[in-house]
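What follows is a single structure, written as structure tokens, with notes after it.
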Amino acid sequence: VGDLVNHELNSCLKDALKICWHEVKNKAAVELDLCDSLSVRCRPQQLTQVFLNVIVNASQAVQENARINILTVKVNGQAFIEISDNGPGMSEEVRKRIFDPFFSTKPVGKGTGLGLSIAYNIIKEHGGTIEVDSRPGLGAKFRIKLPLANEAASAA
């Protein structure tokens, strides 16, 4: 799969946005609030895939006056990424299963139900966590935490 390298996390987010921009631009206003430098020990293509899955899901969930906010900050030696939308939100039942393989709320043929399951596993393999906060009518907020590169090296 490739070795872990020190890489700028924000560039993975920007790459993911470039890849899906054609799908997102007509559906939602995207607001970026990225901190200066977030070097993480990662496989950059895999992190880009994680962000791509979350952003595309957000763009598919939102309706009119749609907003997707992407925030990065450093907190206690970790990179903290938050991707939130003002879509319809999820029921408790859906939220509990969101990272299960083959679980999808999309119509048959519109999704495999693997995107968030794969994202979950990639983040876990990178020593991080991913969770979602969502309630019906209140959109969804994905929070991802990853160790910063210098912190990961000292913990190894």
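Here is how the numbers come out for the structure above:
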read-out	value
Where a residue in the range 130-148 is closer than 10 Å to residue 98 by Cβ and its partner, wherever it lies, is part of a loop (DSSP other than H, G, I, E, B) and not charged (D, E, K, R), with Cβ under 7 Å and at least six apart	132/98; 134/89; 134/90; 140/87; 140/89; 140/90
Cβ-Cβ under 9 Å pairs, at least 6 apart or on other chains, the range 77-103 side in contact (Cβ under 8 Å) with a residue 12 or more places away in the chain, far side buried (at least 18 other Cβ atoms within 10 Å of the Cβ) and of a type in the set (Asp, Glu)	77/151; 78/151
Filtered residue count, the range 1-29, keeping only those that are in a helix (DSSP H, G or I) and either open to solvent by 60 Å² or more (accessible area, probe 1.4 Å) or not β-branched (Val, Ile, Thr) (or both)	15
When residues of the range 30-70 are limited to those that are open to solvent by 30 Å² or more (accessible area, probe 1.4 Å), part of a loop (DSSP other than H, G, I, E, B) and within 27 Å of residue 101 (Cα to Cα), the one modelled with the lowest pLDDT	63
Segments classed as helices (runs of 4 or more DSSP H), wholly inside the range 91-156, with at least 1 members that are surrounded by fewer than 17 Cβ atoms within 10 Å (Cβ to Cβ) and either of a type in the set (S, T, N, Q) or modelled with pLDDT under 85 (or both)	115-125, 149-155
Top-ranked residue of the range 71-90 - restricted to ones that are open to solvent by 40 Å² or more (accessible area, probe 1.4 Å) and not in a strand (DSSP E or B), ranked as farthest from residue 10 (Cα to Cα)	88
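The values are calculated or read from the model by the stated rules, or taken from the named source; none is laboratory data. On a predicted model such as this, the values are computed, not experimentally measured, just so you know. When we count neighbours, we look across all protein chains shown, and the Cβ atoms used for this are built from the backbone with ideal geometry, even at glycine. These accessible areas exclude ligands, DNA and RNA; they are computed on the full protein's heavy atoms, side chains included. Shrake-Rupley method; radii C 1.70, N 1.55, O 1.52, S 1.80 Å.
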